1. Return a yes/no flag: does segment 190-199 have any residue that is free of Cβ contacts under 8 Å to residues at least 12 places away in the same chain and over 21 Å from the mean Cα position of the chain (by Cα).
2. Name the single residue, out of those in segment 91-124 being charged (D, E, K, R) and open to solvent by less than 30 Å² (accessible area, probe 1.4 Å), that is farthest from the chain's Cα centre (by Cα).
3. For segment 261-283, give me each residue that is open to solvent by 30 Å² or more (accessible area, probe 1.4 Å), assigned to a helix (DSSP H, G or I) and either in contact (Cβ under 8 Å) with a residue 24 or more places away in the chain or touching a helix residue (DSSP H, G or I) at 6+ places or on another chain (Cβ under 6 Å) (or both).
4. May I ask you to list the residues in segment 178-201 that are buried (at least 19 other Cβ atoms within 10 Å of the Cβ) and hydroxyl-bearing (S, T, Y)?
5. Say whether the condition of being in a strand (DSSP E or B) and buried (at least 19 other Cβ atoms within 10 Å of the Cβ) is met by at least one residue in segment 125-140.
6. From the list A102, A66, A75, exactly one residue is closer than 20 Å to L223 by Cβ and not acidic (D, E). Which is it?
7. Would you be able to say whether some residue in segment 225-232 is assigned to a helix (DSSP H, G or I), open to solvent by 60 Å² or more (accessible area, probe 1.4 Å) and either among the hydrophobic types (A, V, I, L, M, F, W, C) or within 20 Å of L163 (Cα to Cα) (or both)?
8. Which of the residues that make up segment 153-177 are open to solvent by less than 60 Å² (accessible area, probe 1.4 Å), touching a residue at least 40 places away in the same chain (Cβ under 8 Å) and within 17 Å of the chain's Cα centre (by Cα)?
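The values are calculated or read from the model by the stated rules, or taken from the named source; none is laboratory data. As the structure is a prediction and not an experimental result, all values here were calculated from the model. For neighbour counting, all protein chains shown are included, and Cβ atoms are generated from backbone atoms with ideal geometry for every residue, glycine included. Heavy atoms of the whole protein, side chains included, go into the accessibility calculation; ligands, DNA and RNA do not. Shrake-Rupley method; radii C 1.70, N 1.55, O 1.52, S 1.80 Å.
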Amino acid sequence: MADDTSIEFVPEDLASGDRKSQELDLSDLEVTRIQSSQHPLFTSSYERLWGEFGAQHEMELREVIAQRLCWHPGAKIDDCWMRYEMFLVMRQGRFVGVRDHAAIVKQRSGAAHAVLHLSHILVDPAWRRTGLAGWLRAWPIQTARACLAVAGFPVTSPITLVLEMEHPDAKFEKAMIRIKAYEKAGFKKVEPSLVKYFQPDFRPLRDIDHSGGPQPLPFSLLLRRLGREEEQAISGADLREIVECLYRMYSTGCRENDMAPLWKSLKEYPGNEAKVALIPPNK
């Protein structure tokens, strides 16, 4: 694999609907992998994302993100290996885009599986619809492969990209734009009538306590299973493993009592042998 801080441009990693991203001229773009809270660009990158997602309580507090950056190059927590990074894109010193993401590797029945959580993405308006977002969806796959390698597993092990998304609602224009973008790229949504997924309550602890306890946010799950993008269903066992990985990641920065409702909701998921439909995100 390439140097740990470099970025490779791998067309095969692009989602099927993002193939036009290959036409984007990347020659004058500077892509930085932020792997420490001490990085000189960490604060500005975090503040960009916080400015977009913090007010809706859809972004973790800075201290939680700083803790995740300590996982680099790949911390084993319980039975998972975890790795968190930010990617910042600039052009001639000006902001272009930023995203953060985490890879969680778990071994089951002797085989490894990487869950790649695509947390947040923000692209400058001038760079939207240029194909840059497609690369920002593809580059994190290199983080998942790096985490697999550190854990001692083949980089060819299965990888599932997963993100939490608001349920479709025409009143929320920004959310609908994101949903349609991921649908166009080829991501599929876990049938929400069968699976009630919740994101943790990211509010400050005092706000959680003063309001009477955690208020998890209901979201839908969007997936891209590398090499299995055409499949129209996922097994209950695979789905539960994906969500367990997400909740293990979140548990490193959330109190046990605040995570309890989420772990409880997992018990209501379809059984291991069940087939859960994967549908277009906008449905």
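1. Yes, the conditions are met somewhere in segment 190-199.
2. Going through the qualifying residues, I end up with K106.
3. Within segment 261-283, P261 is the sole residue that qualifies.
4. Y182, Y197
5. no
6. Sole residue among the options that is closer than 20 Å to L223 by Cβ and not acidic (D, E): A102.
7. Checked segment 225-232: no residue is assigned to a helix (DSSP H, G or I), open to solvent by 60 Å² or more (accessible area, probe 1.4 Å) and either among the hydrophobic types (A, V, I, L, M, F, W, C) or within 20 Å of L163 (Cα to Cα) (or both).
8. I159, T160, L161, V162, L163, E164, M165, E166
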